[in-house]
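Participant: Got a structure for you, written out below as structure tokens; questions coming shortly.
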Amino acid sequence: METPSYRAVPEWLHAAGANALTRGAEAGSFLAEEWLRAARAGLYFSSHALESALPAFSAFSDMREDVLKSFLDTVAGRRSPAEHWTELSGRVAAGARYRKLVHTLGKELLGTATYAGEQVLAANDVYRLSYLPPKAGAPATDAAIFFVAGFIPYGDRLFRFLPEASLYERYLERGIPVYAMELAADGRDLKGLGGVTVERQIDWIDEMAATAQHHNGGRRMIAQGYCGSGTQLVAYLCARPKNAEAKFSLASLFVTPVDAKRCTVFAETMANMPRSAAWTSLARSQVTGGYLRGLEMWAGLDLSLKNIFVKTWVGRFASGWKNPAWANVRTVADLAPMQRFELAGAYWISVDNARRFPLPVDLVRKAMHLYDKGVGADGLLGAKYRGRDIGIADLARESSLRVVSFFGGQDKLVQEESGAVLKSHLGPRYRAIVHPAAGHVSYICFPSQWSSASPKAFAPNPIDVLLAESAAAKAA
């Protein structure tokens with residue numbers, strides 16, 4: 001009996017076998033990689049948790065030194081026993097009160113900057129568009145800022161940080177009106193939070209920019225985003241480049257991680273996270289509301305930054321202990337200028353505030369892709385708009401829009417390198433400026449640095465740059 005030859009086997013069976021072997025190899029490779037990632041994740045997160053706890057030893061050491069110094073001064077006769085007791089009891093009282101002050105007065109202060117003549121031009125279930133007119137007596141200018149705020153960790157109240165320290169104020173005092181696209185309420189109170197997607201976000205930016213432009217007399221504006229809101233602005237610019245050019249003379253990005261894989265801290269976290277864990281977390285969030293809870297977001301960020309201790313009860317006590325004056329604070333009126341900054345800032349990054357601002361799953365998924373895969377040579381951002389991939393090449397090819405990025409030299413979260421992909425595609429239409437002494441929120445929390453009279457002034461001044469670049473774009 002003749003044995004069937006290999007050639008007698010149907011081609012579809014060859015293909016099925018080859019496909020099965022390929023998929024099996026891929027699955028095996030993925031499982032092996034996941035095992036390695038799980039092992040690395042165990043080491044990574046345990047070491048970060050340990051390092052997050054180390055400041056506790058330093059805090060206890062500092063408190064012991066304070067007690068010992070006060071005691072020795074008393075023994076040496078440099079102070080009386082009553083003074084010794086008064087100082088220590090004051091420190092204990094300040095430490096005990098500090099956490100309550102963060103969660104009461106800090107919460108009361110955060111995001112309270114408002115402006116004379118401010119009005120709401122448009123609103124939906126997620127966003128409102130507010131017009132902030134220039135300050136009375138400010139120099140006249142034909143520039144206007146369209147600011148994309150919205151979804152960032154801990155919420156966009158940051159941009160209205162304090163009446164004396166607001167990013168918007170810097171423009172208004174220079175005669176530049178601001179059109180602020182902000183969350184209509186706390187994130188957890190938004191009716192449409194779970195339905196927010198990258199595509200809907202892009203359309204909302206376009207719609208509200210059109211409303212702002214109409215209010216601005218049809219004149220083109222300067223688009224602006226900060227950190228995570230900047231990546232959302234970039235997605236819009238790349239998805240609808242012709243619309244963007246019709247509305248904007250210039251796009252400006254502050255500390256924005258466009259190619260987020262170049263940002264060391266969070267990119268390292270993603271590199272050590274098992275993919276199955278990330279997918280499972282996002283899938284669970286998708287079916288339980290369509291958003292990542294603020295508490296989960298907080299835990300991931302602070303563990304990566306090794307910044308957990310200061311937000312614990314003991315950490316808050318140690319912060320209060322350092323300044324006995326906290327014991328005498330009862331109301332906002334009792335606060336000195338720097339105390340106002342400290343309490344508002346401490347509440348902004350608190351666990352309680354994090355809970356107020358969950359993030360839509362689709363936006364989180366896009367951000368995770370940028371930190372994990374980054375933006376390759378093709379310029380693709382890892383998101384789609386109406387069925388097609390969003391890429392920087394589209395912005396370069398279908399518009400002549402210019403982009404300016406500002407980075408802080410002391411920023412631990414976002415580095416200048418993360419904007420290099422814009423330079424590679426836009427060429428001379430992209431400009432990056434680094435302020436060596438600036439950190440991640442310096443542009444918001446240190447208003448004096450916007451003044452040329454300050455010894456630590458931003459050089460060049462961001463507003464001077466934006467006005468010059470916008471004028472050049474309009475002239476061209």
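The values are calculated or read from the model by the stated rules, or taken from the named source; none is laboratory data. All figures in this text were calculated on a predicted structure; none of them were measured in a lab. Neighbour counts run over all protein chains shown; Cβ positions are idealised from the backbone, glycine included.
Participant: If the Cβ limit is 8 Å and pairs must be 6+ apart or interchain, which residue in region 198-210 that is free of Cβ contacts under 8 Å to residues at least 60 places away in the same chain pairs with which residue that is among the polar types (S, T, N, Q) and part of a helix (DSSP H, G or I)?
Facilitator: Correct list of pairs: 205/232; 206/243.
Participant: OK, next. What about residue 56, is it out of contact with any Cys (no Cβ under 7 Å at 6 or more places or on another chain) and surrounded by 13 or more Cβ atoms within 10 Å (Cβ to Cβ)?
Facilitator: Against the criterion (out of contact with any Cys (no Cβ under 7 Å at 6 or more places or on another chain) and surrounded by 13 or more Cβ atoms within 10 Å (Cβ to Cβ)), residue 56 qualifies.
For every residue, the table says whether it meets (1) closer than 23 Å to residue 448 by Cβ; (2) out of contact with any helix residue (DSSP H, G or I) (no Cβ under 6 Å at 6 or more places or on another chain).
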{"site": "126", "(1), (2)": "no, yes"}
{"site": "132", "(1), (2)": "yes, no"}
{"site": "138", "(1), (2)": "yes, yes"}
{"site": "145", "(1), (2)": "yes, no"}
{"site": "151", "(1), (2)": "no, no"}
{"site": "159", "(1), (2)": "yes, no"}
{"site": "163", "(1), (2)": "yes, yes"}
{"site": "175", "(1), (2)": "yes, yes"}
{"site": "180", "(1), (2)": "yes, yes"}
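Participant: Residues in region 418-431: is at least one assigned to a strand (DSSP E or B) and either at negative phi or out of contact with any helix residue (DSSP H, G or I) (no Cβ under 9 Å at 6 or more places or on another chain) (or both)?
Facilitator: Yes, because at least one residue in region 418-431 is assigned to a strand (DSSP E or B) and either at negative phi or out of contact with any helix residue (DSSP H, G or I) (no Cβ under 9 Å at 6 or more places or on another chain) (or both).
Participant: Turning to a different aspect of this structure: If we keep just the residues of region 280-308 that are among the small types (Gly, Ala, Ser) and more than 15 Å from residue 46 (Cα to Cα), which is surrounded by the most Cβ atoms within 10 Å (Cβ to Cβ)?
Facilitator: Out of the qualifying residues, it is 294.
Participant: Same structure, new question: If you go through region 212-225 one residue at a time, do you hit one that is under 18 Å from residue 420 (Cα atoms), surrounded by 15 or more Cβ atoms within 10 Å (Cβ to Cβ) and in contact with a helix residue (DSSP H, G or I) (Cβ under 7 Å, 6 or more places away or on another chain)?
Facilitator: Scanning region 212-225, I find at least one residue that is under 18 Å from residue 420 (Cα atoms), surrounded by 15 or more Cβ atoms within 10 Å (Cβ to Cβ) and in contact with a helix residue (DSSP H, G or I) (Cβ under 7 Å, 6 or more places away or on another chain), so the answer is yes.
Participant: Just wondering, is there one or more residues in region 64-76 that are at pLDDT below 90, within 24 Å of residue 336 (Cβ to Cβ) and among the hydrophobic types (A, V, I, L, M, F, W, C)?
Facilitator: No - not one qualifying residue is present in region 64-76.
Participant: So, one more: Looking for whichever is aliphatic (A, V, I, L, M) and surrounded by fewer than 21 Cβ atoms within 10 Å (Cβ to Cβ) here; the options are 239, 277. Which one fits?
Facilitator: 277
Participant: Of the residues 446, 406, which single one is buried (at least 18 other Cβ atoms within 10 Å of the Cβ) and either among the polar types (S, T, N, Q) or closer than 30 Å to residue 268 by Cβ (or both)?
Facilitator: 406
Participant: Answer with yes or no whether residue 313 is at pLDDT below 90 and surrounded by fewer than 18 Cβ atoms within 10 Å (Cβ to Cβ).
Facilitator: Judged against the criteria, residue 313 is not a match.
Participant: Being at pLDDT 95 or above, assigned to a loop (DSSP other than H, G, I, E, B) and of a type in the set (A, V, I, L, M) is true for just one of 113, 136. Which residue is that?
Facilitator: Residue meeting the stated conditions: 113.
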